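The structure appears right after this line, and notes come after that.
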Amino acid sequence: MSAAQSLEKAEAAHKLAADRLAAVRGHCGQSGYSVTVNGVTVAVSECDRRTYQGTLIRGREMIHLGALKALGAELDAAEKRVLEWRAYLASVVIK
């Protein structure tokens, strides 16, 4: 795989990570979201019938914060890979 293809792949992973974080921040809109650990699924957010907005289920705040933190770390790692590939490509072009 060429360096340019690796950069494209890293940029796609970065976009996916940003989209996933944005979805959880927004409680996945009206659909809400769940977290699955070892096959056990826990609903974290659901649609509020009065406002049609995603809202946290009482007692699940820490799960939501953990999801935000994990997805934020995923985004940071993806951004780092993009920057590394861009720097590598820049160094190859300069030579």
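Computed from the coordinates by the stated procedures, all read-outs in this text should not be read as laboratory data. No experiment lies behind these values; they were computed from the predicted model shown. Backbone-built Cβ (ideal geometry, glycine too); neighbour counts: all protein chains shown.
If amide hydrogens are placed 1.01 Å from N in the peptide plane, which non-local residues have theirs closer than 5 Å to the one on Gln53?
Close amide H contacts, sequence-distant or interchain: Asp48.
Sticking with the crude label model, points 7 Å out along Cα→Cβ, report the distance from Ser91 to Asp48 in nm, one decimal please.
Result: 5.0 nm between the two label points.
Each residue of segment 4-19 in turn: what ³J(HN,Hα) in whole Hz from Karplus with 6.51, -1.76, 1.60 and θ = phi - 60°, glycine and Pro shown as x?
So the J values, rounded to whole Hz, are 5, 5, 5, 5, 4, 5, 5, 5, 5, 5, 5, 4, 4, 4, 5, 5.
Rounding to the nearest 20 debye, state how big the charge dipole of the chain is about its Cα centre with +1 on each Lys and Arg Cβ and -1 on each Asp and Glu Cβ.
Value, rounded to 20: 80 debye.
Between Ala73 and Val37, what is the label-to-label distance in nm when each label sits 7 Å out along the Cα-to-Cβ direction?
Between Ala73 and Val37, the simple spin-label model gives 1.3 nm.
If contacts are Cα pairs under 8 angstrom and at least 6 residues apart, what is the relative contact order of the chain in percent?
Reported as a whole number, the value is 33 percent.
With Cα extents along the principal axes in Å defined as stated, name the option among (i) 46, 29, 25; (ii) 60, 29, 19; (iii) 77, 48, 23 computed from the structure displayed.
Read-out from the structure maps to (ii).
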